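First up is the structure itself, then whatever we jot down about it.
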Amino acid sequence: MDKLQNSLNYFLQQLNENEQGLSSSKDKALPEHHAAENELVLNKNHLLDIVHVLQQKVTALTLILNENPSKSTALDNTAKEIEDYAQLLTTFVTDIPKTIGRSLKRHVVYISQDLIKSILGLVDLYFVGDGGDFKAKVGIIWEHCKAFESMETKNTVYVGSIITDVIEMLNDGASEMQDLMDGVGFGDEEPVVLNNIEKEWMNQCQILIKTNILCLKRSISLLNEVPSTEYWIESAELLYSIANQSCAKSDDMVSCMDIPLDLEDEFLRESVSDLNNCCLEILKLIRKMERDNDKSQKWSDLCERKLTDLTEAMNNL
């Protein structure tokens, strides 16, 4: 069990270093788009085979620890098998190429870390000498194994799924704007009274946030349809980066909404302009996805006209 404990810690270190390599990667320029390009898909079945065996071996270890841990041969053999399959898992995950998609690979690294940490927790408990929680620990391990069942195999689809979290944060910003327009202050602040110009400005700002939300929802739908090629994998990474920028700019904009509203506030005007630009960048990617899937661009045309009208209306206030 000492060797298993040391090995698991080493595997965690390898996974952590592998993830740091992803975090330090800078967004790169989009590769050339080739219609006949091969799809890049994660080999989920092989990964699940490793995880399922690892789950079985950990369950067997728990039974040994609960029933008769003095059976050193059975204990040592099972610990060795767990070490072997944990190493297989680590090697498989660290060998996943970045071209599969940084976001998807990072997700696989994270859930692998969670699984190995939970197994390490079981092993650490053995050295404490308290077997009362062995069953609870194995239950946690099973839950981490389930995470592999639901993982996506295409970076394009996975990125679409995590953009939904960004949409939720943008929805929160739109709700805060609505509260202000309804006369409700932030937190414990006193109710606010807005003049007509302030109401109109806030209404336009809220429309801008909602337009970003609509564009992101549209992009998720399209990401589920494009092929998982290097071009679209990198496009998905770029889209996720822009989505996070739009969320940050939305927060900046909402934070500037002090009453009475200073429409000459340079930071407020800049955050509105930046949020508008984020939306335009998302629309560019939407147009590319629409063209690639032979879809009408009426939706993106209409959205871009609305953004233009919105910008003009705000500039005139």
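The values are calculated or read from the model by the stated rules, or taken from the named source; none is laboratory data. These figures come from a predicted structure and were not determined experimentally. Cβ: placed from backbone, ideal geometry, glycine included. Neighbour counts: every protein chain shown. Areas reflect the complete protein model, heavy atoms only, side chains present, ligands, DNA and RNA absent. Shrake-Rupley method; radii C 1.70, N 1.55, O 1.52, S 1.80 Å.
Taken over the stretch 146-183, the residue count meeting the criterion of being surrounded by fewer than 16 Cβ atoms within 10 Å (Cβ to Cβ), outside any helix (DSSP H, G or I) and hydroxyl-bearing (Ser, Thr, Tyr) is 1.
The single condition among (1) more than 30 Å from Asp258 (Cα to Cα); (2) part of a loop (DSSP other than H, G, I, E, B) that Phe127 does not satisfy is (2). Given the structure, is Glu234 open to solvent by less than 60 Å² (accessible area, probe 1.4 Å) and among the acidic types (Asp, Glu)? The answer is yes for Glu234. Given the criteria in contact with a Ser or Thr (Cβ under 8 Å, 6 or more places away or on another chain) and touching a residue at least 60 places away in the same chain (Cβ under 8 Å), does Cys256 qualify? No: the conditions fail for Cys256. Picking from residues in the stretch 286-302 that are in contact with a helix residue (DSSP H, G or I) (Cβ under 6 Å, 6 or more places away or on another chain) and open to solvent by 10 Å² or more (accessible area, probe 1.4 Å), the one that is farthest from Gly173 (Cα to Cα) is Gln297. Taken together, the criteria exclude Asp133 from residues that are without any contact (Cβ under 8 Å) to a residue 60 or more places away in the chain, closer than 30 Å to Leu310 by Cα and acidic (Asp, Glu). The lone criterion from (1) in contact (Cβ under 8 Å) with a residue 24 or more places away in the chain; (2) open to solvent by less than 70 Å² (accessible area, probe 1.4 Å) left unmet by Asp251 is number (2).
Of everything listed in (1) at pLDDT 95 or above; (2) crowded, with 18+ Cβ neighbours inside 10 Å; (3) not in a loop (DSSP other than H, G, I, E, B), the single unmet condition for Lys137 is (1).
In the stretch 105-125, the residue that is nearest to the chain's Cα centre (by Cα) out of those that are free of Cβ contacts under 8 Å to residues at least 40 places away in the same chain and closer than 25 Å to Ser23 by Cα is Asp114. Return a yes/no flag: does the stretch 229-247 have any residue that is free of Cβ contacts under 8 Å to residues at least 24 places away in the same chain and closer than 30 Å to Gly183 by Cα. No, the stretch 229-247 contains no residue that is free of Cβ contacts under 8 Å to residues at least 24 places away in the same chain and closer than 30 Å to Gly183 by Cα. Checking each residue of the stretch 187-206 against the condition of being under 23 Å from the mean Cα position of the chain (by Cα), within 30 Å of Ile220 (Cα to Cα) and not in a loop (DSSP other than H, G, I, E, B) gives no match.
Exactly one residue out of Glu83, Glu143 is loosely packed, with under 14 Cβ neighbours inside 10 Å, within 27 Å of Leu63 (Cα to Cα) and modelled with pLDDT of 95 or more, and it is Glu143.
Exactly one residue out of Glu270, Glu237 is out of contact with any Leu (no Cβ under 7 Å at 6 or more places or on another chain) and either farther than 30 Å from Glu39 by Cβ or among the hydrophobic types (A, V, I, L, M, F, W, C) (or both): that is Glu270.
The condition of being in contact with a Gly (Cβ under 9 Å, 6 or more places away or on another chain) and either of a type in the set (Gly, Ala, Ser) or within 26 Å of Arg305 (Cβ to Cβ) (or both) does not hold for Ser241.
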